[in-house]
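*Asks:* Here it is, the structure, as structure tokens.
No value in this document is a laboratory result; all are computed from the given coordinates. All figures in this text were calculated on a predicted structure; none of them were measured in a lab. Note that each Cβ is placed from the backbone with ideal geometry, even for glycine, and that neighbours are counted across all protein chains shown.
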Amino acid sequence: MVKISISASHDGGNIILPSPPTVTVSGMTAKAKVIVHVRPDVYTELEKIAHMQYFSFRSFVSGMDNIKLLTVEYIVENAHAVSYPEAWPGTTICYSTKSLESEDDDAWKRNLTTKYSDGKLSWTHVHNGNGSTFFSYWPPYTYNRHLKLISDCSQVVSAKKLAEFNPVVESLGTTIEGREMECISVGTGSLVAWIIHRQHPGETMAEFFAEGLLHRLMGVDGEMDEVTKAVLSMYRFYVVPCMCPDGAVMGHLRTNSVGANLNREWATVHDYYEAPTLNRSPEVLAVLNKMDETGCDFFLDVHGDEELPYVFLSGAEKTPKWGERMEHLHGYFVASFQRSNSDVQKEIGYPPPESEEKALAYMNVGTNQVSNRFDCLGLTLEMPYKDCATNPDKDAGFSPSRATQLGKSLLEALENMSPFLRADGQFWNAFSEEDRYVEPTDNYKEEGFVMLKKRFYSDVRPHDQ
Ligand SMILES: [Zn+2]
């Protein structure tokens, strides 16, 4: 008797099964329908919403002994009610038959039958034997893998391989559920670069990026290359690979265990809502305290975007410290990053806020707060859940290995930036035309694209339903 069991008990899992799957057998083949619901995050008091969109579950098939093929239609019935329903058209979900422990990133493929219609996201998968298949909005980056990343970095420190660059692995504090807020610092340069990842826990690509960056910076995979040695003598790096470990384990899209959207917790901007606080956002408080101690000359906050099929950067446009200097630094960084990795592009992204006044209401966003607090270049990096339209690959989509590679490519861009981050005068006179700042637009004209009325960073926007 064919049986399909659905579970989301692995760390980072998220799904609800409202009713048992139905299976119909006909000769040597069988068909089934599996209806699932995305489980909402804990309610966010500031935004008055329970976010949801990330899902990850295991489908375990047994009893196929007399059956050759089992064709299953998977339906996310509440897809219309997620935080960004506009993002579904053009999305292909990811699946893998390998175990999550295998860390075989290339085993994840895209299901090209994925479609969004009548408010439901669905796809068809043919199972040709007993066993488990994982389905995810994007491949999970598990907490076990996170612990392994920290342990790999710690081993470099204890083996004294990088002693000349003074590497340190430390905990800046603990989360509400008691997980450590690990930070890896390394380098002897006078510039301080802070790179943080995964404030939004469902944006798992951000921690794949962190893994690539840390493996290269710490020489985890072997010998150090010349660019890495050069940047380690220009900068001291502070890298937080996971800002929201509680939310990550819980399979949340955007919040920690008490519903705080960490990328709206970097300052108090409403008199009715204090941020960051030890009770609600200890993750941000710990990092900001350490940053106040070290200072900051470059800040990068790594994320994923549900809707736009591009890698792009969003800056601190129209905030008080934005001006000619910041605009040129921003343009030069994006151009340098594009030269080191062709997945980066500058035309498509979040349009800047329309006024200085609007920008002020978003000083609780990490990039805006840090950039203004330290008068430094600050950027948010967004990677796509979808395929990357700049270098399309429909079978793998924008994949974990692409995110990892992007993390490694950051070092070339930072090598280019070092003479200018704290330079005086009109240093940008030496920049070329291709280094200039380009104001991004979100009108990417994909089929089915609906021009949004207003986009403020990644806030949930009112949509017609
Ligand atoms: Zn995000």
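*Asks:* What number comes out for the charge environment of LEU112, summing +1 per Lys or Arg and -1 per Asp or Glu over other residues with Cβ under 13 Å away?
*Replies:* Details: positive: LYS109, ARG110, LYS115, LYS386, LYS394; negative: ASP387, ASP393, ASP395.
Charge balance near LEU112 sits at +2.
*Asks:* In addition: I need the peptides 100-112, 303-315, 278-290 ranked by packing, meaning the mean over residues of other C-beta atoms within 10 angstrom, with the highest value on top. Kindly include the intermediate steps, with their values, before the conclusion.
*Replies:* Working: 100-112: 15.3, 303-315: 24.3, 278-290: 20.5.
The densest-packed peptide leads the list: 303-315, 278-290, 100-112.
*Asks:* Nearest 10 degrees is fine. How inclined is helix 143-158 to the longest principal axis of the chain, computing both from alpha carbons?
*Replies:* 40 degrees
*Asks:* Would you mind working out the magnitude of the charge dipole of the chain relative to its Cα centre, with +1 at each Lys and Arg C-beta and -1 at each Asp and Glu C-beta, to the nearest 20 Debye? Each step should come with its number before you reach the end.
*Replies:* Details: 43 positive and 64 negative charges, 247 e Å.
Dipole of the chain, to the nearest 20 debye: 1180 debye.
*Asks:* Among LYS109/LYS386; LYS321/LYS358; LYS31/LYS386; LYS115/LYS386; LYS33/LYS386, which pairs are too far apart, with a Cα-Cα distance over 22 Å? Before the final figure, lay out the partial values.
*Replies:* On the way: LYS109/LYS386 12 Å; LYS321/LYS358 14 Å; LYS31/LYS386 28 Å; LYS115/LYS386 13 Å; LYS33/LYS386 25 Å.
Exceeds cut-off: LYS31/LYS386; LYS33/LYS386.
*Asks:* With charges set only on the Cβ (+1 for Lys and Arg, -1 for Asp and Glu), what does the dipole of region 3-136 come to about its Cα centre, in debye to the nearest 20? Write down the numbers at each step before the final one.
*Replies:* Details: 12 positive and 14 negative charges, 125 e Å.
For region 3-136, the charge dipole is close to 600 debye.
*Asks:* Now for a separate question. Suppose we take every Cα in the chain and form the convex hull; what volume per residue is that in Å³? Before the final figure, lay out the partial values.
*Replies:* Values: hull volume 66.5 nm³, N = 465.
So the per-residue hull volume is 143 Å³.
*Asks:* Sorted by packing (mean other beta-carbon atoms within 10 Å per residue), highest first, where do 192-201, 409-418 land? Mind dumping the intermediate values first?
*Replies:* Details: 192-201: 26.8, 409-418: 20.7.
My ranking of the peptides, most packed first, is 192-201, 409-418.
*Asks:* Putting +1 on Lys and Arg Cβ atoms and -1 on Asp and Glu Cβ atoms, find which of PRO320, TYR437, SER418 reaches farthest to the positive end of the dipole of region 301-452.
*Replies:* About the Cα centre, the residue reaching furthest to the positive side is SER418.
*Asks:* Going by alpha carbons, how many degrees (0 to 90, nearest 10) lie between the helix axis of 324-340 and the longest principal axis of the chain?
*Replies:* Computed tilt is about 50 degrees.
*Asks:* Find out how many positive minus negative residues lie around CYS153, taking Lys and Arg as positive, Asp and Glu as negative, among other residues whose Cβ is under 14 Å from that of CYS153. Don't jump to the answer; show the numbers that get you there.
*Replies:* Details: positive: ARG145, LYS148, LYS160, LYS161, ARG216; negative: ASP152, GLU170, GLU180, GLU182, GLU207, GLU211, ASP221.
Neighbourhood net charge equals -2.
*Asks:* Continuing with the same structure: Once fully extended, how much extra length lies between GLU356 and THR24, figured as 0.36 nm per residue of separation less the alpha-carbon to alpha-carbon distance?
*Replies:* Values: separation 332, 0.36 × 332 = 119.52 nm, distance 5.99 nm.
Using 0.36 nm per residue and subtracting the Cα-Cα distance, I get 113.5 nm.
*Asks:* Please state the equivalent ellipsoid semi-axes for region 1-106: what are the square roots of 5 times the Cα gyration tensor eigenvalues, largest first, in whole Å? Write down the numbers at each step before the final one.
*Replies:* Working: eigenvalues 171, 55, 34 Å².
With the √(5λ) rule applied to region 1-106, the semi-axes are 29, 17, 13 Å.
*Asks:* Roughly speaking, what % of Cα-Cα pairs in region 261-373 are separated by over 21 Å, rounded to a whole number?
*Replies:* Details: 2721 of 6328 pairs.
Counting pairs separated by more than 21 Å, the tail of P(r) holds 43 percent.
*Asks:* Can you order the peptides 360-368, 159-167 by their average number of other Cβ atoms within 10 Å per residue, highest first? Intermediate results must be reported in sequence, preceding the final value.
*Replies:* Details: 360-368: 22.2, 159-167: 14.6.
Per-residue mean Cβ counts within 10 Å order the peptides as 360-368, 159-167.
*Asks:* Using a basic spin-label model with each label point 7 Å from the Cα along Cα→Cβ, how many nm lie between VAL438 and THR97?
*Replies:* Going from the VAL438 label point to the THR97 one covers 4.2 nm.
*Asks:* Considering the zone a paramagnetic label at THR188 would reach in this model (a point 7 Å from Cα along the Cα-to-Cβ line), which residues of region 147-177 have amide N under 11 Å from it?
*Replies:* 163-167
*Asks:* Determine one quarter of the surface area of the Cα convex hull of region 114-223, which equals its mean projected area, and express it in nm² to one decimal.
*Replies:* Values: hull surface 45.9 nm².
Mean projected area of the Cα convex hull: 11.5 nm².
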